[in-house]
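Any read-out appearing in this document is the output of simple, stated calculations on the displayed coordinates, not a laboratory observation. Not measured: the values here are computed from a predicted model. Positions of Cβ are backbone-derived with ideal geometry, glycine not excepted, and every protein chain shown enters the neighbour counts.
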Amino acid sequence: MAARSRPSALIPEARRRPPRTARLPRCLAPARATALLGIALALAACRAQPQPVGSTGLQAEYTFGTLRTQLDPRIGVLAVLDAAEVELRARGYAIDDRTASDDTAGLTARQSAQDTWSNVRVSARHRAQGTELAVFSAPLGDEVTSRVLMEAIVARLGF
């Protein structure tokens, strides 16, 4: 009895189909397109509107967990860092890390020794339009805490 050959062995190489890759069923294509469109719209809508910082007249924008504002260019980054450190210590924070150079400065502070997750990062950068002050309240960003701290830091700077 003759051995049976596989059908693919009888088809010339030029006519063989390539192996199919995993695809989503056609019925899920509209759902995938809708999900991608939703993500794109959500990312486009992530632009926050600037809000006032207390009664100072400064505007601060909260995006991706960080509150940012532009200060007068004459205010140095070290002055901002010193004001932030004094304010955080007055509120009972312990300073974990402090770094400074001519055009950037930052510090990290914890509210209690037991709580290693929640901390505050304050940074200042010299920019062409002014000194940028940024406040991030970890672990996920807390706009209310960031605004309260920013208002206090700006008030210590004399605004």
*Among 152-159, 130-137, 71-78, how do they line up from the highest to the lowest mean number of other beta-carbon atoms within 10 Å?*
130-137, 152-159, 71-78
*Dimensions of segment 81-159 along principal axes (Cα, Å, largest first)?*
39, 24, 23
_Among 51-59, 94-102, 119-127, the order from most to least packed when residues are scored by Cβ within 10 Å on average_ = 119-127, 51-59, 94-102
_Amide proton proximity set for Ser118, modelled H, under 5 Å, gap of 5+_ = none
